[in-house]
Amino acid sequence: MKIFCIFTFFLALMAPAVAGAVVPSDPQVEQWSYTDTKVFAAWDHATGSRDVVVAVIDNGFDTFHPDIYPNVWQNADETDGNGIDDDNNGYIDDVWGWDFSPSDHNGDGIIRDDEKEQGDNDPRPNVGKAEVAAGDTIHHGTVVAGIIGAIGNNGQDGAGINWQVRLMNLKVINNNVVNDQGPLVKAFHYAVDNGADIINISLVGDSDQDIRDAVKYAYDRGVAVIAASGNTRVGLDQTPLDPVCADAGLGEEWVLGVSAIGEAHTLAPFSNTGFSCIDLTAPGINIASTIRYAPRYGLTERYRGGWQGTSFAAPFVSATAALIKSVQPTWGPKEIYDAILSNVHRTPPLD
């Protein structure tokens, strides 16, 4: 299939060149994916803005990670811990985002129907013996968030593509519940209604009209949506999945679908394909980023490489959208999508 790569899409920043190269002080900033997508060149033009809000809809990221915390979105209209919905948005004490995932709130080992609807105001990935034993799933959202917006030039770990941004933490799955579309729809609405400019969704699920409606809700209200294509080697033209296929066949670009490539610039063997759903590709093999940090539970690392998946390709595009938004604050999704897609590197249809 033909692959539209992001090797040159940071040229879409549309800003005047600045003499010299901006090099951050972060010790682990160098990685092939940044070199090949020209992140370092992009930083001569822009390093992000705290006026831009990116909603990370995932399994929650580490809100208080030392290299993420200063860039975390906070709901300024809510008072933490007073048990009151101060801003009347339907969520009590949602200062740090929201956990929409079905959870065993009373600890009886069963997720009841009423518990599926509760949610809570702590969207961080749970830590404990079971979660740590489950392996790397606990890090997923934190890896995504770090690619988009780990603090840059602070002498710690690596740097996100946006040194400054605001990351909205919206948790829709945990280690036990994966295929429940209800939380995802609610998270889309929350992100849009609470000021997100861009939504990154590194999850895929069955084709679902409610999800498609939620993506359209975001697009109609000026929010760009970037979605991973999935990692099961499925042809999405034959087996559509959402949200990546939410706009398939409609002739209007509601969402940018992203597949994954490796350093050889060929499609990752795990990546889903499909012209109707995937718009471009981005690095998704051997990616380095922040991870869930909780020394009390044995999670003593803060930053790690070796990540692979379309989940980690999508945030390269979300981060680009955020950089573009930082220099073109009046642009909506159509203009942002056009800027990205008109500046990608187009490979021959050989892979």
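The values are calculated or read from the model by the stated rules, or taken from the named source; none is laboratory data. These numbers come from a predicted model, not from an experiment. Every residue, glycine among them, receives a Cβ derived from its backbone with ideal geometry; neighbour counts consider all protein chains shown. We work out accessible area using only protein heavy atoms, side chains counted, and drop any ligands, DNA or RNA first. Shrake-Rupley method; radii C 1.70, N 1.55, O 1.52, S 1.80 Å.
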Unmet criterion (only one of (1) more than 22 Å from G160 (Cβ to Cβ); (2) within 20 Å of the chain's Cα centre (by Cα)) for I226: (1)
Spans of helices (runs of 4 or more DSSP H) in the stretch 27-144 with at least 2 residues charged (D, E, K, R) and at pLDDT below 95: 113-116, 129-133
Odd one out for S271 among (1) under 20 Å from T137 (Cα atoms); (2) modelled with pLDDT of 95 or more; (3) open to solvent by 30 Å² or more (accessible area, probe 1.4 Å): (3)
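Restricted to the stretch 248-265, and to residues that are buried (at least 24 other Cβ atoms within 10 Å of the Cβ) and free of Cβ contacts under 8 Å to residues at least 60 places away in the same chain, which residue is nearest to I199 (Cα to Cα)? Talk me through it step by step, then tell me what you get.
Quick first cut of the stretch 248-265, residues buried (at least 24 other Cβ atoms within 10 Å of the Cβ) only: 255-261.
Retained after the next criterion (residues that are free of Cβ contacts under 8 Å to residues at least 60 places away in the same chain): 255, 257-258, 260.
Values: V255: 10, G257: 12, V258: 13, A260: 18 Å.
By that ranking, first place goes to V255.
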Sole exception among (1) in contact with a helix residue (DSSP H, G or I) (Cβ under 7 Å, 6 or more places away or on another chain); (2) farther than 30 Å from Y219 by Cα; (3) open to solvent by 10 Å² or more (accessible area, probe 1.4 Å) for G48, by number: (2)
Qualifying residues in the stretch 297-344 (those that are farther than 23 Å from A159 by Cα and without any contact (Cβ under 8 Å) to a residue 12 or more places away in the chain) - the one surrounded by the most Cβ atoms within 10 Å (Cβ to Cβ): W331
Counted residues, the stretch 157-172 - those being assigned to a loop (DSSP other than H, G, I, E, B), more than 19 Å from A42 (Cβ to Cβ) and open to solvent by less than 10 Å² (accessible area, probe 1.4 Å): 1
Among the residues listed as N194, N179, N154, N175, the single one being more than 14 Å from V53 (Cα to Cα), at pLDDT 95 or above, of a type outside the set (K, R) and surrounded by fewer than 23 Cβ atoms within 10 Å (Cβ to Cβ): N154
Test set (1) open to solvent by 10 Å² or more (accessible area, probe 1.4 Å); (2) farther than 17 Å from L323 by Cα; (3) in contact with a helix residue (DSSP H, G or I) (Cβ under 9 Å, 6 or more places away or on another chain) - D67 fails condition number: (1)
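Anything in the stretch 197-216 that is assigned to a helix (DSSP H, G or I) and either in contact (Cβ under 8 Å) with a residue 60 or more places away in the chain or open to solvent by less than 30 Å² (accessible area, probe 1.4 Å) (or both)? List them, or say none.
Listed by number, the residues that qualify are I211, A214, V215.
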The one condition in (1) in a loop (DSSP other than H, G, I, E, B); (2) modelled with pLDDT of 85 or more that A17 fails to fulfil: (2)
